[in-house]
Structure formats: structure tokens, C-alpha cells
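Asker: Input: one structure, supplied below.
The values are calculated or read from the model by the stated rules, or taken from the named source; none is laboratory data. All of these numbers come straight from a predicted model, not from anything done at the bench. Here Cβ is always computed from backbone atoms with ideal geometry, including for glycine, and neighbour counts include all displayed protein chains.
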Amino acid sequence: MSKRLVTLGDSFTEGVGDDDPTAANGVRGWADRTAEQLAAREPGFRYANLAIRGKLLPQVLAEQLEPALAMEPDLVTLYAGGNDLMRPKVDIDGLMDSYETAVERIRSTGARLVLFTGVDGVEDALFRRIRGRVAIYNEHVRGIAARHGALLVDLWAMRQLRDRRLWAPDRLHLNPYGHTEVAIAVLDVLGVRHPLAGAELGPRDVLSPAQRRSQNLRWAQEHALPWVRRRLRGESSGDTLTAKRPTLEPVGSAALPR
């Protein structure tokens, strides 16, 4: 069992979409949920989460890798690249070269490492546009995980994540149901028994064309346009934030001042 968990990445690992006003940065997420289960089984367990929303893969590696390794973790999770894939142009092969270098560095410490593929967005118009990019990214991740002995959570294969009821209103981030599904997958890959269970949501509602148009218009006004404006200004949603758990702390301890 691990005693020191450090998680690296962007909004996915920070926990965006799983709102919790009592949590650092106002979000909980799969990483916090995973850490809670590990802490319940391992005395002295400590957890740091360095992920910050909006970060590109090069930023994650440049800003989070060295602080993470300095904590001498025995378990690390890494997900980054989703924001890069959404940019108009992206050099996936180049990104994954630096990603593999980071993976090799982490594994050389002896720490166990959990990696993630991207989600299959086939049922969402926004994600469907970059489905090919995600598939290429995923093949890189699978190969890197195999070469370096990393554990892999295959989000692409988790068909339940295609259900948009597991996603937040912004359509970009998982909601509490979705984050719980990821926590279950991580714990299963680690071989940890846990009481977490997936949501039983029942049949999906069938929307009329008018209802769908209304939903799409509201989403565009509330989420898409602000995202585009930030891109045009060269801003990120995480520009004013710092890591939610910048140092190893017992789970459930007070958040450090930000």
C-alpha cells in the first residue's frame, strides 16, 4: 500500500466539475476521492495534488514534475494533454516525447505511476471534432505505459463516460458521478478494495429538437463564449490559482493558505 500520493495534471485531476465549497479550490474530484479510500486503509498516508485547471502538457511538466519528485512519492498519477488537443494546432508526437521523458523520470524513482487515456467523446459534438487526435494521443499513452511499467486507466474504454449525465454543465468536465467512476477505476487498477459504486441513472430523457437547441444555446452563452474569450485574450481559467494541495498532508487536514 502507498503512503505518499502526488497527483499531477490539469482540471481533470484538480477535480473541476465536482463542486465542493469546503474543498480547496472549491472542487473535490476523483483524486480526492481516491486519496480518501487509500487513507482509510493506510496509517500515515499523505496526499498532495499539484494539478491546476487550464494547464497545457508542457506547463504541467515544467511546473509540477520537480516539486512532485522532491516529495519522494511512492505513488504518482499523471494526466495532461487534453487542453493541448483542443488547440487549433498541436504537435502530438512532440508532446508525447516530453511526456515519455517525464514518465521515465518518475518510474526511475521506483514510484508506482498511474497514467490515463483520453475519454471517447463520440456522443458529444464538441469532443467528436477531436476524436482522432485523442485516439492518437491514447496510442502513445498505451505504448509509453507498457514500455515503462506504468499502470493504465483506460478512460476511452469506459463506455459509461459517454453518458453526458456524468458530465458537468460546461460539457468539458466530469460531474460528481463521473469523478466517482474515475476514482473507482483508479482504485481497481491499484488493486484496492473499496465501497464506491457507480451511479444508477436509469433511462436517458429523450429531448425534442427545440429542447436540444435551447440547451445548446444556453451552453454556448454560459460556457463556450467565455472559453473563447479567454483563448483570444491568452488567458486560462487557472491563471489566478495555485495547487489545491501543494504539499503532502494527511487527508482531511485543513487546506494550506493560497
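Asker: I'd like the full set of residues that are closer than 15 Å to Tyr177 by Cα and either of a type in the set (Gly, Ala, Ser) or touching a Gly at 6+ places or on another chain (Cβ under 6 Å) (or both), limited to segment 188-205.
Answerer: Ala197, Gly198, Ala199, Gly202
Asker: Listed residues Ala199, Ala146; which is of a type in the set (Gly, Ala, Ser) and not in a helix (DSSP H, G or I)?
Answerer: So the residue among Ala199, Ala146 that is of a type in the set (Gly, Ala, Ser) and not in a helix (DSSP H, G or I) is Ala199.
Asker: Among the residues of segment 69-89, are any surrounded by fewer than 15 Cβ atoms within 10 Å (Cβ to Cβ), out of contact with any strand residue (DSSP E or B) (no Cβ under 7 Å at 6 or more places or on another chain) and not in a loop (DSSP other than H, G, I, E, B)?
Answerer: Taking every residue of segment 69-89 in turn, at least one turns out to be surrounded by fewer than 15 Cβ atoms within 10 Å (Cβ to Cβ), out of contact with any strand residue (DSSP E or B) (no Cβ under 7 Å at 6 or more places or on another chain) and not in a loop (DSSP other than H, G, I, E, B).
Asker: Follow-up. Would it be correct to say that Thr13 is outside any strand (DSSP E or B), farther than 24 Å from Ser108 by Cα and among the β-branched types (Val, Ile, Thr)?
Answerer: It is false that Thr13 is outside any strand (DSSP E or B), farther than 24 Å from Ser108 by Cα and among the β-branched types (Val, Ile, Thr).
For (1) more than 16 Å from Ala183 (Cα to Cα); (2) of a type outside the set (Asp, Glu); (3) in contact with a His (Cβ under 9 Å, 6 or more places away or on another chain); (4) not in a helix (DSSP H, G or I), each residue gets a yes or a no:
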site: Gly17; (1), (2), (3), (4): no, yes, yes, yes
site: Pro21; (1), (2), (3), (4): yes, yes, no, yes
site: Ala35; (1), (2), (3), (4): no, yes, no, no
site: Pro43; (1), (2), (3), (4): yes, yes, no, yes
site: Gly54; (1), (2), (3), (4): yes, yes, no, yes
site: Leu61; (1), (2), (3), (4): yes, yes, no, no
site: Gln64; (1), (2), (3), (4): yes, yes, no, no
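Asker: Further, regarding this structure: Against the condition outside any loop (DSSP other than H, G, I, E, B) and either in contact with a Cys (Cβ under 9 Å, 6 or more places away or on another chain) or among the β-branched types (Val, Ile, Thr) (or both), how does Val182 come out, does it pass?
Answerer: Here the answer is yes, as Val182 does meet what is asked.
Asker: Then there's this: Which ones in segment 105-138 are over 16 Å from His173 (Cα atoms), loosely packed, with under 13 Cβ neighbours inside 10 Å and among the charged types (D, E, K, R)?
Answerer: Hit for segment 105-138 is Arg129, nothing else.
Results for (1) in contact with a Phe, Trp or Tyr (Cβ under 8 Å, 6 or more places away or on another chain); (2) within 26 Å of Ile136 (Cα to Cα); (3) among the β-branched types (Val, Ile, Thr), shown as yes or no for each residue.
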residue: Asp19; (1), (2), (3): no, no, no
residue: Val27; (1), (2), (3): no, no, yes
residue: Arg33; (1), (2), (3): no, no, no
residue: Pro58; (1), (2), (3): no, yes, no
residue: Leu61; (1), (2), (3): yes, yes, no
residue: Glu72; (1), (2), (3): no, no, no
residue: Asp93; (1), (2), (3): no, yes, no
residue: Met96; (1), (2), (3): yes, yes, no
residue: Arg105; (1), (2), (3): no, yes, no
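Asker: Scan Gly110, Gly121 and give me the residue that is in a loop (DSSP other than H, G, I, E, B), within 23 Å of Leu75 (Cβ to Cβ), out of contact with any strand residue (DSSP E or B) (no Cβ under 6 Å at 6 or more places or on another chain) and not hydrophobic (A, V, I, L, M, F, W, C).
Answerer: After applying the criteria, what remains is Gly110.
Asker: Among the listed residues Leu50, Leu75, which satisfies the condition of being under 13 Å from the mean Cα position of the chain (by Cα) and of a type in the set (A, V, I, L, M)?
Answerer: Among Leu50, Leu75, only Leu50 is under 13 Å from the mean Cα position of the chain (by Cα) and of a type in the set (A, V, I, L, M).
Residues checked against (1) farther than 23 Å from Ser237 by Cα; (2) under 16 Å from the mean Cα position of the chain (by Cα); (3) modelled with pLDDT under 95:
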| residue | (1), (2), (3) |
| --- | --- |
| Tyr137 | yes, yes, no |
| Ala145 | yes, no, no |
| Leu155 | yes, yes, no |
| Pro169 | no, no, yes |
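Asker: Can you go through Ala68, Ala48, Ala80, Ala39 and tell me which one is of a type in the set (Gly, Ala, Ser) and within 15 Å of Glu104 (Cα to Cα)?
Answerer: Ala68
Asker: Now a separate question. Do we find a residue being within 16 Å of Trp167 (Cβ to Cβ) and not aliphatic (A, V, I, L, M) anywhere in segment 96-106?
Answerer: No; the residues of segment 96-106 include none that is within 16 Å of Trp167 (Cβ to Cβ) and not aliphatic (A, V, I, L, M).
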